[in-house]
């Protein structure tokens, strides 16, 4: 059995860097208003002078053909310049575009680092490579972990591939993969919470223009194809940090106090761990109002010493658990499939 990773085409859910400096931000503001020519004109001198954010943004412009003619070679060049200065988003997109252009061997180190940082597209590609033993040594435990994380992020292709992997990866390796996925997620959260440089911290707090995601197409006649629905494009959106409204007072929620085992179906999702039951109840009340279909599952309080874990289920398979986790994460909350 072999998974097929297909080709990454068009845009790939990219954003623009806009640090506090007015010069780069002027270009971002112009881009958001649809004045792509002005944006490119603002970024050009800065990029040539060595500004990593301007270099990354020019890479975006050349990739999408906005304000300039589409030129993937130029996009790669600007991504590479920014990545050499530690611009992580440039490195993410450099690896993806290199892979798309057929330079898969040289793209893989970038994609491996991106997958560690939590990029679902890179996790999907690296997970496929590890499962097949193509470009990387075969490692089904790590492949299953990465594909689980990508599926939990809502990537349709990863969910489909995970269903295929369930047929071939032994149960003990699937369990190891789920444990590794949980460890990876915790490490990524710690890394995201502590930017390694002042520039990275600055970039993490500014506005970004979210561009439409791409379709990931598969070869037309592969043996045993993994058929996945394309990622749908969405209108460009501006993500602006806003203060979060105060949460409404939680209403009492009946929760079943349970041990870590039990319940038909064999799988649950874990939504959090708390020192107080009240916080678990509040989270359940909030999520059932945000996540469609979550209220159809039974909530559980699983006690372990002074820690109370909030879980929901039962679910029939790891694939169903990963899909439900994807919906929970889309609502802005943490989630991890759990084998019971």
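The values are calculated or read from the model by the stated rules, or taken from the named source; none is laboratory data. The model shown is predicted, which means the values in this text are computed figures rather than measured ones. Ideal geometry is used to build each Cβ from the backbone, glycine not excepted, and the neighbour counts take in all protein chains shown.
All of (1) closer than 28 Å to residue 157 by Cβ; (2) not in a loop (DSSP other than H, G, I, E, B) hold for residue 289 with one exception: (1). Scanning the range 310-340 for residues that are surrounded by fewer than 18 Cβ atoms within 10 Å (Cβ to Cβ) and more than 16 Å from residue 292 (Cβ to Cβ) turns up 316, 317, 334, 339.
Total residues in the range 137-171 satisfying the condition of being free of Cβ contacts under 8 Å to residues at least 60 places away in the same chain and out of contact with any helix residue (DSSP H, G or I) (no Cβ under 9 Å at 6 or more places or on another chain): the figure is 1. Checked against the criterion of being surrounded by fewer than 24 Cβ atoms within 10 Å (Cβ to Cβ), out of contact with any helix residue (DSSP H, G or I) (no Cβ under 8 Å at 6 or more places or on another chain) and closer than 16 Å to residue 75 by Cβ, the candidates 133, 102 yield just one match: 102. Only one of (1) buried (at least 18 other Cβ atoms within 10 Å of the Cβ); (2) not in a helix (DSSP H, G or I) fails for residue 165. Which number is that? Every condition holds for residue 165 apart from (2). State whether the residues of the range 173-187 include one that is in the same structural domain as residue 59 (by TED's automatic domain parsing) and in a loop (DSSP other than H, G, I, E, B). There is no residue in the range 173-187 that is in the same structural domain as residue 59 (by TED's automatic domain parsing) and in a loop (DSSP other than H, G, I, E, B). Looking across the range 66-90, just one residue is at positive phi and either more than 25 Å from the chain's Cα centre (by Cα) or at pLDDT 95 or above (or both), and that is 67. One residue stands out among those in the range 1-20 that are surrounded by fewer than 17 Cβ atoms within 10 Å (Cβ to Cβ) and modelled with pLDDT of 50 or more: the one that is farthest from residue 134 (Cα to Cα), which is 1.
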